[in-house]
Each structure stands twice: as C-alpha cells, then as structure tokens.
Amino acid sequence: MTALKGKAIKSFLAARDENIAAVLVYGPDSGLARERAMKIAAQVVADLKDPFNALELSDTELKDEPGRLADEITALSFAGGERVIRLRTSGETATKAAQLLLDGLDSGHLKPNGIVIIEAGDLSPRAGLRKAFEKAKRGVALPCYADGPADVREMAKEAAASEDLRFDPDALDLVVTLLGDDHGLSRAEIDKLILYKGPACLRNGPASISLEDVRASLVDGLGDAMDDTASAAADGAPARLATALHKASAAGASPIGLLRALQRNFARLKTAQDLMESGESAASAMKKLRPPVFFAEERAFESRLYKWRGPKLEKALRMLVDAELDAKTTGAPQREIVERAALALAVMGSR
C-alpha cells in the first residue's frame, strides 16, 4: 500500500482498518508522528501502560533479533486481548526486522494478535523502511509533515468542538497566525486555550472562544514575542529586532511561526494601503482591518503605512514569500533564513 495522504489519513485515524497489522509513522514533525501513533495504538489497547498488552522495543533489541517484531505480533497476551508493539527507530536500523514482519503478514504465515507501530524520523522516498511499507498489503505508511495554516485551523476547530466550543472568526484567525508548524507545540497551546476557557464538564452548554480569550491565553508569551519581532522589522529597527528575535526564540516560537507573523503584519499594511488608494483615510482604513488596529498601536501602524509604500511594500512581500520557499525547500536552517529576512526588512525600513 502506498503512503496515505490527505483525507485517507484522516479516515484511517478515525476508524481502525482490521486488515492493517503494521503502521509506519514517519516525517520531520515528531510531535504529529507521536500523536498519530498514540491515536492508532488507542484503537487496539485501552491502557498503553498495561505491561501485558503494550510493549515498546528499541533498535538495539532488534539488531540482534531481527525476527523479534514478527514473534511479538503473534504472541498471545497473558491478560487476554490484542497487543500493541511500538518501536521508535532512526534511519534504516529497523528495515530488516520490518521486512521480515511485512513478508510474514502478506504471505499469511503470521497471524497477528494486534498491531505493530513504528515511529521513524524523516525518511527519503528511497529509504528501505519506507519502501517496504509502501509495497506491503497489510502495512501502511503515514507521512507527518509540518503543519500549514489550514492544518492548524482544522486542529483548533476540532479540539474546540470536542469540548463544545467554537471560535469566533477573528479569534481563530489570530490562533492560526500565532502558532507555527510544530504540531506538538501547537497542540499544547490549543489545549492551554481550551483549559483557560473551561472544558465542557465545567460549563453549562456550548460557548465561544473570543479574540479576548486568545489574547489572554496565548498572546502574553509566544504571541507577544512574535508580534514584537514583526513590529521591529516593520518599524525599521534592527537593534530592537535583534532583542525581539532572542525573546521569540526563548519563548519557543518556531521559525515558520515567526515568518507568518511577519507576513501577517505586512499583509495588513498592504490591505490598509489598498483601502487608502480607494479613498479611505488612514484612520478609516485601520478601523476596517479585521481585526482592527488596537488603539494603542494606531500611531505606530500609521507610521508604517507611510514608511512602506508601493514598490517598497511589494518587494517586502516578495522577500517573505521567497523566505518561506527557501525555509521549506533548501534544507538550510530555517531559523537562519527567517532571521536573515527579518533583518533585511528592518534595514529596508530604516532607509
């Protein structure tokens, strides 16, 4: 079976496929890989701390016994029921053991009593472990790549709905802007927001998450750090930008999250300038933005409107698009690419 994609992954995670007895979860986003592995395991065993029905193996154990996976998947539990066999591996270490397992499952020689879940890091299309699962009939490969804005939006909406909450549109937009591409970090921040609002068991009926809720829960640390970075770049303040970048890194802001904050800041400038070109005053344009510019920030925002005009603003927006492309395709350190782009903007803004 080839690697699952898009809706196929969502369907696979929603309900167990009884024909699948081995799953490879791989990709650069370790937080997403861990979450998916746990979700699959929970479909088979209710208590993953049960020593009889849940087992974790290491590369070292399989190095001397490559047939161990095949042995464990057929073993009966002393407590009854099916078992989950989990392996966290790196590179090609587990390829031989996985191939023996998959060959036995596909040939019908192995009668599985549960499921094997292998968590790996980023694997190239030529990786033996990945190719083995993509060719298997009773195995499946689940890629886990960095979250995009649409993924963060969907995750936030689903998490809120599970607690009988819904986002106001501007609140959801701000959440997507604040959170980066690290699935684990985004999940933790969303859970913190829901805890702040109150889970369903502590409320009487449904409720909404407002812009004020997001600001109170998320903006103080991570959001403030990213906003400070974007503001320093737009204000043309390289020295202040250096401090803001250090603060953002300490707060745990991801490079892509910083880039989105910069993109959002400059995109709002472009929207406001378009309104001004159609006849609106600067004050009116700021009020028509969604969300509107906060009162305390109006003077600074208006100054940026006159600092970044026409071709200069267009060049800044192109630089941010190029930075995102480089960060996601070149293999160079993402933080270095994003910080270099932010500094270039700050220098442009100072002239």
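What follows is calculated from the coordinates using simple rules that are stated; it is not laboratory data. These figures come from a predicted structure and were not determined experimentally. Here the Cβ positions follow ideal geometry from the backbone for every residue, glycine too, while neighbour counts run over all protein chains shown.
Things to note:
- Within the shell defined by Cβ-Cβ distances under 11 Å, the residues around MET155 carry a net charge of -4, with Lys and Arg each +1 and Asp and Glu each -1.
- Most tightly packed first, judged by the mean number of other beta-carbon atoms within 10 Å of their residues, the peptides 23-34, 38-49 read 23-34, 38-49.
- Viscosity 1.567 mPa s, 4 °C: Kirkwood-radius Stokes-Einstein D of the range 72-218 over Cα pairs, µm²/s: 70
- For LYS287, the lysines whose Cα falls under 25 Å of its own Cα, not counting residues fewer than eight places away in the same chain, are LYS270, LYS307, LYS312.
- Taken as Cα centroids, the range 48-110 and the range 240-297 sit 51 Å apart, rounded to the nearest whole angstrom.
- Set of aspartates and glutamates near LYS49 by C-alpha distance (under 15 Å), chain-local residues within fewer than 8 positions excluded: GLU82
- Taking a straight line from the alpha carbon of LYS63, these lysines sit under 18 Å away, with near neighbours fewer than eight places off in the same chain left out: LYS96.
- Formal net charge of residues neighbouring ALA237 (Cβ-Cβ distance under 12 Å; K, R +1; D, E -1): +1
- Mean projection area, nm², convex hull over Cα of the chain: 20.8
- A simple spin-label model places the labels of GLU61 and SER162 2.8 nm from each other, with each point 7 Å out along Cα-to-Cβ.
- For the range 160-266, the convex hull spanned by the alpha carbon atoms encloses 89 Å³ per residue.
- Using distinct alpha-carbon pairs, which all enter the 1/r mean, Kirkwood radius of the range 92-138 in Å: 11.3
- Shape metrics for the range 6-143, restricted to C-alpha atoms - Rg then Dmax, Å: 13.6, 40
- The range 150-349 - Rg over Rh from alpha carbon coordinates, Kirkwood radius: 0.99
- Counting only whole DSSP H helices of the chain, the ones at least 30 Å long by C-alpha along their axis and with mean Kyte-Doolittle hydropathy no lower than -1.0 are 255-277.
- When each of the peptides 139-146, 317-324, 74-81 is scored by how many other beta carbons lie within 10 Å of its residues on average, the order from highest to lowest is 139-146, 317-324, 74-81.
- Violating pairs (Cα-Cα greater than 29 angstrom) within the set LYS10/LYS247; LYS39/LYS328; LYS39/LYS135; LYS192/LYS315; LYS39/LYS192; LYS131/LYS157: LYS10/LYS247; LYS192/LYS315; LYS131/LYS157
- For trypsin sites (Lys or Arg not before Pro), the sites in the range 167-217 that DSSP calls loop and that have at most 13 other Cβ atoms within 10 Å are ARG203.
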